[in-house]
């Protein structure tokens, strides 16, 4: 078999939102022929069977396979998948045709893993909106004519102003909820203390009554 090819890329992941995030982390991966067969086995079985809706399989092809998987499949399986693609997936048919004659035991490729700034993590709708406002400023890195630069900055300023109003209202609503929660807890504490005091008074009264009854009983026995 031919030796594995090095430094091949596969866009397996989607980049993060175009903003001031750090560059993606590039990870080297290797897939072997056996791993590819294990991953694509169910898909290959179904495209070879008339019992399955082939049009439905077309919509799910990307769930079962990828370019790294197809590159290291045995030539006979690769040819079977290519024939199926000729009928149902022209895009993959042309991709497969480029490396149909390759007979590789493994394939090395790279995957980009998006990175996000910790202080701008996507933790809610507000943060998501803010990221896109920041992304609008990214063209400033490349240098723009003054009118375009000013328009970008003004648009971002308006957007950030809207976001600030939204954020302040969100804080106000949160603080109001906290106040209501604290007031409810205080009321519950007062009610609980009153209930406990009532029970304590009742216990004390019962104790006093029991002592008085015991004393009267003792006196009666002496008479």
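The values are calculated or read from the model by the stated rules, or taken from the named source; none is laboratory data. The structure displayed is predicted, hence computed values, not measured ones. Positions of Cβ are backbone-derived with ideal geometry, glycine not excepted, and every protein chain shown enters the neighbour counts.
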### Query
Could you list, in sequence order, the residues of region 74-90 that are touching a helix residue (DSSP H, G or I) at 6+ places or on another chain (Cβ under 6 Å) and exposed (fewer than 15 other Cβ atoms within 10 Å of the Cβ)?
86
### Message
When you scan region 114-128, do you find a residue that is exposed (fewer than 13 other Cβ atoms within 10 Å of the Cβ), outside any loop (DSSP other than H, G, I, E, B) and modelled with pLDDT of 70 or more, even just one?
### Response
no
### Query
If the Cβ limit is 7 Å and pairs must be 6+ apart or interchain, which residue in region 94-106 that is in a helix (DSSP H, G or I) pairs with which residue that is surrounded by 13 or more Cβ atoms within 10 Å (Cβ to Cβ)?
95/67; 96/70; 96/78; 96/81; 96/82; 96/85; 97/82
#### Entry: Index of the failed condition, residue 11 passing every other in (1) at pLDDT below 85; (2) under 23 Å from residue 108 (Cα atoms); (3) surrounded by 14 or more Cβ atoms within 10 Å (Cβ to Cβ)
(3)
### Query
How many residues, within region 42-88, are part of a loop (DSSP other than H, G, I, E, B) and within 28 Å of the chain's Cα centre (by Cα)?
2
